Amino acid sequence: MLNRTNVGSKSLEEVNASVDTTVQKGFFRKLLSFMGPAYLVSVGYMDPGNWATDIAGGSQFGYKLIWVLLMSNIMALLLQSLSARLGVVRGLDLAQASRETYPKFINIPLYFLAEIAIAACDLAEVLGMAIGLQLLFGIPLLWGVTITVLDTFLLLFLINQGMRKMEAFILALVSIIGFAFVMEMIFAKPDMGALVQGFIPTIPNNEALYIAIGIIGATVMPHNLYLHSSLVQSRKFERSALGIRRALKFNFIDSAIALNLAFFVNAAILILAASAFYRNGHVNVSEIKDAHQFLAPMLGTEWAPILFAVALIAAGQSSTLTGTLAGQIVMEGYLNLRIQPWLRRMITRLIAVIPAFFVILYYGEDETGRLLIFSQVVLSLQLGFAVIPLIHFVSNKYKMGEFVIGLKTRLAAWVIATTIVILNAKLVFDQVMEWVTTSSNPMLIWLLVVPAILAAFLLLLYITFQPLVSKVMSRNLAGVAPTLPYQHQEKPAYRRIAISLDFSKVDENVINSALAIGTKEAEYLLIHVVETVGAHVFGNQTHDLETKTDSSHLQQYATELRQQGFRVSVELGFGNPKRRIPTLVKSFKADLLVMGSHGHRMMKDAIFGTTIDAVRHTVKIPVLII
């Protein structure tokens, strides 16, 4: 099936198919037109949360956990390629595919788990940015956390500039990070023999397992799977078998280059920690600030800590954009609910800022490193709930057609998913046992924590075996002919039709479409909402020039229609159209609403949002958009 399944609006609709790749000729020009989405994804693999786990792993265990980074990168490349395949072939992001596949009582908890993962990721970005600002400029950590709230509006600016400019901005930040760590490697002079031995798999103890799971959670991020399946849809390409196959190939190359760059950055951080700290006996460096402080005396140059702080700020700033987009994708995909990106970003950022403030105020700045590592473990725990549905979706031959993944790829994907689930199960079991033995009131653990874990386990079982159950049920129902509850009608029986007008060129088409659907026996209500400052403040007590002019225009429309024999009334609203139009429609008891697709423009759109989306989610009747 090469056509997009109809599950609602397109993923990231404002940039969907905004980059035309069909006009490019030649392999390299075509490749360059596809390159970009994976770089936005890759910044999530080098965000400040990765720094915390990499520094902890390198300082405590030297080079012994570098094999975990390599394994995580291979896992990430496979999973991200599956995510891109879902977006390219089916034209759906992971959240939309889940909403299409699972019932509501499954999608709601999946949505909340995805939001928790995004909040955990954003927490790492908040702390990382704040720490970077403190290290470079001496800004107190609480002030730094406060400043990070302001970058909410950076995404709004970049996304309005177009997808390519956003990708160029991210690439510039990634280049800064890469350059900084090339220099750090020159300063560190790692032990190449010990470094090579670090690629031999080994887990020294439970503490190493905890950090290894944190590294996996920091590297293979669940929100990146939602993000990649959406970003690949920003490319416009030929929707033929050949065009899709070409898009899959170019997106895989894009992913391989971007994720290998992310692997270099993560490996560089771990190697830096091993060379500077573990080799010199500082095995308890888990805080980013401590790492920054020790770099100059350990490496013998003042440039090392400066480059470290600059790269940290670049990593935090770049990864904050991916969290924003992922949050928008998850909310729209699972709930079919759209709110303005700046508001969505503000909500996500505040959710991250509150625990950061709490930890700094209550425990002090010394605990931020542990909070960073904990946030990455939370990400790892959520991975199974994103990876398992993804594997099922791209393994569905009916939905994927000839682009369904092969048996070897499927087996590799299930090995990765099984590894993630088993490691997480051990981590959860060990942590619960520790809480039970050390808690002054273990009964609370059994009453609160254990039931939540069991509920998550049942959810995991459902999404794992749901396709098998569905297949068995479909076989049992085979041969039962479906009945179609359809009766032919010459014309829908709409008797009360509300028409929203804006006094623009669209109005003529809106009115003609409404009249074509209804009849002369139907009742029509012409609606216009006055949006002046006075209208917002004084409501229907407003008597300014625009109100008088709009009222005159509305009456003129009504008079012309009445002369043609139509039953027409008018209603002038005041204030925000998103609120007033549904109120007027419900008051009229309309059974159909006809609107033009004009919406707001410029600043009004940033403040009020698109009228159409808000109205159609509020009214409970059909809405025809002209």
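For a footprinting-style exposure proxy, rank ARG99, ARG239 by other Cβ within 10 Å, fewest first. Could the numbers behind the result be given before it?
Working: ARG99 23, ARG239 13.
Starting with the residue having the fewest Cβ neighbours, the order is ARG239, ARG99.
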(request) Using amide H atoms built 1.01 Å from N in the peptide plane, name the residues 5+ places from ARG567, or on other chains, whose amide H lies under 5 Å from its own. (result) TYR524
(request) Using R₀ = 35 Å, calculate the FRET efficiency as 1/(1 + (r/R₀)^6) where r is the Cβ-Cβ separation of LYS397 and LEU70; round to 0.05. (result) 0.60
(request) Pairs of Cα atoms under 8 Å, at least six residues apart: use those to get the relative contact order of segment 1-132, whole percent. (result) 39
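Taking the highest mean first, how do the peptides 252-263, 221-232 order by number of other beta carbon atoms within 10 angstrom per residue?
Most protected by this proxy first, the peptides run 221-232, 252-263.
Highest first, please rank the peptides 189-196, 128-135, 434-441, 505-512 by the mean number of other Cβ atoms sitting within 10 Å of their residues.
Numbers: 189-196: 13.5, 128-135: 25.1, 434-441: 10.8, 505-512: 15.6.
The most tightly packed comes first, giving 128-135, 505-512, 189-196, 434-441.
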(message) Need one number: nm distance between label points at ARG29 and GLU560, each 7 Å from Cα along Cα→Cβ, rounded to one decimal.
(response) 4.8
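With r as the distance between the Cβ atoms of GLU508 and ARG239 and R0 = 45 Å, compute the FRET efficiency 1/(1 + (r/R0)^6) and round to 0.05. Can you show the working numbers first?
Numbers: r = 34 Å, r/R0 = 0.74.
E(calc), rounded to 0.05, equals 0.85.
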(message) Output wanted: per-residue J couplings in Hz (rounded whole) for segment 164-176, from phi through Karplus 6.51 cos²θ - 1.76 cosθ + 1.60, θ = phi - 60°, x for Gly and Pro.
(response) 5, 5, 5, 5, 5, 4, 5, 4, 5, 5, 5, 5, 4
(request) Could you list the residues of segment 121-139 with an amide nitrogen less than 20 Å from a label point located 7 Å from the Cα of ASN280 in the Cα-to-C-beta direction? (result) 135-136
(request) Within segment 424-448, find all residues whose amide N lies under 11 Å from a label point positioned 7 Å from the Cα of LEU460 along Cα-to-beta-carbon. (result) 424-429
(message) With a cap of 10 neighbouring Cβ atoms within 10 Å, and only residues DSSP puts in a loop, list the trypsin sites (Lys or Arg not before Pro) found in segment 531-568.
(response) none
(message) Relative contact order of segment 19-468, please, whole-number percent, based on alpha carbon pairs below 8 angstrom and at least 6 residues apart.
(response) 34
(message) Under 12 Å from a point placed 7 Å out from the Cα of ALA412 along the Cα-to-Cβ direction: which residues of segment 46-85 have their backbone N that close?
(response) 74-82
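Please sort 423-432, 518-527, 112-121, 443-452 by packing, taking for each peptide the average over its residues of neighbouring beta carbons within 10 angstrom, highest first. Intermediate results must be reported in sequence, preceding the final value.
Numbers: 423-432: 15.5, 518-527: 18.3, 112-121: 23.3, 443-452: 11.9.
Top to bottom by mean Cβ count within 10 Å: 112-121, 518-527, 423-432, 443-452.
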(request) Please work out how much length the chain gains when fully extended from ASN441 to ASN206, using 0.36 nm per residue of separation minus the C-alpha to C-alpha distance, in nm with one decimal. (result) 82.1 nm
(message) How much length would be gained if the chain were fully extended between TRP303 and VAL450, taking 0.36 nm per residue of separation minus their Cα-Cα distance, in nm to one decimal?
(response) 48.0 nm
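Quick note: the coordinates plus some simple rules give every number you see, no bench work behind them. Because the structure is predicted, anything quoted here is derived from the model rather than measured. Every residue, glycine as well, gets a Cβ built from its backbone with ideal geometry; the counts of neighbours run over all protein chains shown.
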